[in-house]
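Working notes for the structure below.
What follows draws every value from the coordinates through simple rules; no lab data is involved. Small disclaimer: the values here were computed from a predicted structure and weren't measured. Please note: Cβ atoms are built from the backbone with ideal geometry, for glycine as well, and neighbour counts cover all protein chains shown.
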Amino acid sequence: MASFIDMSRVPFIPGRLHATNSPYQRYGPKGFMEIKVLGNDSLYVRVDLPGVPDDAIRYRVDAVRQKLVFFSGEETLRDGVKAEDVREYSGSAGLGCDCCEITGVDAKMKDGVLRMIVSRVKVKDHHNKCTHFVPPNAGKSGRYGYQRSSDERYLYDVRSFNIEDILEDHPFVVKGRKDVLARQRRTSDGSFHFSVDMPGVCSDDMFVLPNENQIKFYGENKEVYEHDESCRIFLGAVDKTSCCSSYGIPLLSHDIAWDAEFGVLNIRVSPPPPPRNNNNNNTQ
């Protein structure tokens, strides 16, 4: 069954970056973490942990003060990824007041996103308004409309980014790579590997669209969680000069394969096999 991608829903703002947590995010809630107070006074916490399996997340409530929820997880090692690049995450979120305590956590990990409902109860100062807590290392990815230049190519081409000036490292990575750009690596057989973080997007909603000049990729989390602001849309491309094994071989002559798991899209571009020698010396 053919899939339909409604590209009219993807905003295009020339010279601007939608979110500093990802160069490929074009729409939706920004940031590696989101915390908001719900109507029943509990907290909703959304944390991006791309690459972490759904059953590999760990969390616990601070047993002493009952103010913080600590979470951690490790992504799986995939083909084409160096062992030293495998990420381990660790962080916390919780209460910034002295009048409440955490009474329970309902956590769910899916497609590289941890979502928690943190219940709390007032234990003192019932007339004072309490607050939620955003860790100081949560990043600045709530910035809107970063202005870089009039060159629109940077919205697609990872090579045109100045990482230090524009993009943020993931604040909860304690081991492995911290940047969220597509990782590019060429193996000994000439294959080109790269991966793209699309937290919250399931594998069925990630698409790879190669043409003569680029390998484009698209992802959208169509199943929006009830407390999320909206869906998130990711869009980008890698130029043929980056992934072709030789400038003389067309991009579409390569074997382009991809898979997706736990909010990470993995693409492998393999060179075509060498031409066969068709010279037949038949003797009469």
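Along the range 166-179 the Karplus relation, 6.51 cos²θ - 1.76 cosθ + 1.60 evaluated at θ = phi - 60°, assigns HN-Hα couplings of 10, 8, 9, 6, 5, x, 9, 7, 10, 7, x, 5, 9, 6 Hz to successive residues, with x for each Gly and Pro. Each label was represented as a point 7 Å from its Cα along the Cα-to-Cβ direction; for ASP55 and ARG78 these points are 2.0 nm apart. Fully extending the segment from ALA63 to VAL86 would add 5.3 nm, taking 0.36 nm per residue of separation and subtracting the current Cα-Cα distance.
Tell me, SER203, SER42, SER246 in order of fewest to most beta-carbon neighbours within 10 Å? Could the numbers behind the result be given before it?
Values: SER203 16, SER42 19, SER246 11.
Going from least to most buried by this count: SER246, SER203, SER42.
Holding the Cα-Cα limit at 18 Å, pick out from LYS82/LYS175; LYS67/LYS124; LYS82/LYS216; LYS82/LYS178; LYS30/LYS129; LYS67/LYS178 the pairs that are longer than that. Flagged as over cut-off: LYS82/LYS216; LYS30/LYS129; LYS67/LYS178. Per-peptide packing, taken as the mean over residues of other Cβ atoms within 10 Å, places 28-41, 107-120, 212-225 in the sequence 107-120, 212-225, 28-41 from highest down.
With R₀ set to 25 Å, the beta-carbon distance separating SER270 from LYS178 gives a calculated FRET efficiency near 0.30.
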